[in-house]
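Laboratory data are not the source of any read-out in this text; all were calculated from the coordinates shown. Since the model is a prediction, treat every value here as computed from it, not as a measurement. No Cβ is skipped: glycine too gets one built from the backbone with ideal geometry, and neighbour counts run over all protein chains shown.
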Amino acid sequence: MYKFRFFLAILIGAGVLPSAAIASVVHHTTTKSSSAHHVRSLTVTKRYHRARGQQSIDTDRVLQIQQALVREHYLTGDPSGKWDSTTVAAMQKYQADQGWQTKLMPDSRALKKLGLGPDYSNALNADGSSFSDPPSTTTIPAPQEEGFATASGAHQ
């Protein structure tokens, strides 16, 4: 029991001492006129919250969305390229009619359904690529086929 208490006291002491050592650091600096001891305390630095992600919709993209909403009869008038209250209301109505969320704008499913999804026409695996079709899986070389037959015992 005494060994356990002694061991526990050592562990607690080891945990407390390093934190006290980190709290302040003494630096010895020498200047031309005299030597001085400087104590540097840990200071709290101000951290500024930086907004991440897309903050606004590009004007060209807004025009595309507005044109699609006009085409689908959810928006009237000429597209302005500004994400204004009428565009937001039209997008919310379109998404609500589809049974999707209306709080976050615009929903990726809504953009795809409006014909504004990603364009994969230049992708490596797009139609018209220069890649050949893979070989047929039914063509097994004769030596390999004989090896399968022998291993399975089919010719016995």
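Can you give the charge dipole size of region 59-113 about its Cα centre, rounded to the nearest 20 debye, using +1 on the beta carbon of Lys and Arg and -1 on the beta carbon of Asp and Glu? Kindly include the intermediate steps, with their values, before the conclusion.
Working: 8 positive and 6 negative charges, 39 e Å.
In debye, rounded to 20, region 59-113 gives about 180.
Starting from the Kirkwood Rh over alpha-carbon pairs, what translational D in µm² s⁻¹ does region 59-113 have by Stokes-Einstein at 37 °C and 0.692 mPa s?
Working: Rh = 11.0 Å.
So the translational diffusion coefficient is about 300 µm²/s.
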Check: In which sequence would Arg71, Arg47 go, from the one with the fewest C-beta neighbours within 10 Å to the one with the most?
Finding: Arg47, Arg71
